[in-house]
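First comes the structure, then the notes that go with it.
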Amino acid sequence: KQWYQRRVPITAGNSIRTGRVNQHEIIPLGVLYQHKNVVSCMELDGKFLATGGRDTTVVIWKLERRGGECTGLKPHPSAILYGHNSEVTCVALSQELDVVVSG
């Protein structure tokens, strides 16, 4: 099984919620707050989760791992990126290029 078949980031309002997928239900595991307004987009890769919001910020979260398996997100952001004048509607990550692109 891949880790994303067992855990999934879920957004609701201004929080990032993580949960475990079990059969046909999602069991909540944790909630992280950083955005001051609604989370409008996210991108997940093998090491990071980037979230964009109506608060005009992009927040980078590092995935926690144990034994090579993802177990959730670190409780504090790795970075908060500022500079947008309006809502962030899309984010993309590239570990290969070491960049985050947002719009």
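The values are calculated or read from the model by the stated rules, or taken from the named source; none is laboratory data. Please read these numbers as outputs of a predicted model, since none were measured by experiment. Note: ideal-geometry Cβ built from the backbone for every residue, glycine included; neighbour counts use all protein chains shown. Keep in mind that these areas ignore ligands, DNA and RNA; they rest on the heavy atoms of the full protein, side chains included. Shrake-Rupley method; radii C 1.70, N 1.55, O 1.52, S 1.80 Å.
What net charge do the residues around residue 102 carry, taking every other residue with its C-beta under 14 Å from that of residue 102, with Lys and Arg at +1 and Asp and Glu at -1?
On the way: positive: 54; negative: 43, 55, 87.
With Lys, Arg at +1 and Asp, Glu at -1, the net is -2.
Label-to-label distance for residue 47 and residue 27 is 3.1 nm, based on points extended 7 Å past Cα in the beta-carbon direction. Placing pseudo-labels 7 Å out from each Cα toward the beta carbon at residue 82 and residue 14 gives an inter-label distance of 1.6 nm.
Hey, what's the Kirkwood Rh for the chain if you take every pair of different alpha carbons, in angstrom? Please report the intermediate quantities before stating the final value.
Values: mean 1/r = 0.0717 Å⁻¹.
Result for the chain, one decimal place: 14.0 Å.
Loop only by DSSP, 13 or fewer other Cβ within 10 Å of the Cβ. Give me the GluC sites (Glu not before Pro) in segment 9-103 that pass, ordered by residue number. Write out the running numbers ahead of the final one.
Numbers: sites: 25, 43, 64, 69, 87, 96; in loops: 87, 96.
For GluC sites (Glu not before Pro) across segment 9-103 that sit outside H, G, I, E and B with at most 13 neighbouring Cβ atoms in 10 Å, the list reads 96.
Here, segment 35-77 has an Rg and a Dmax of 11.3, 36 Å when only alpha carbons are counted.
Leaving ligands and nucleic acids out of the surface, order 45, 98 by accessible area at 1.4 Å, largest first. Show your work: numbers first, answer last.
Working: 45 30, 98 135 Å².
Putting 45, 98 in descending order of accessible area: 98, 45.
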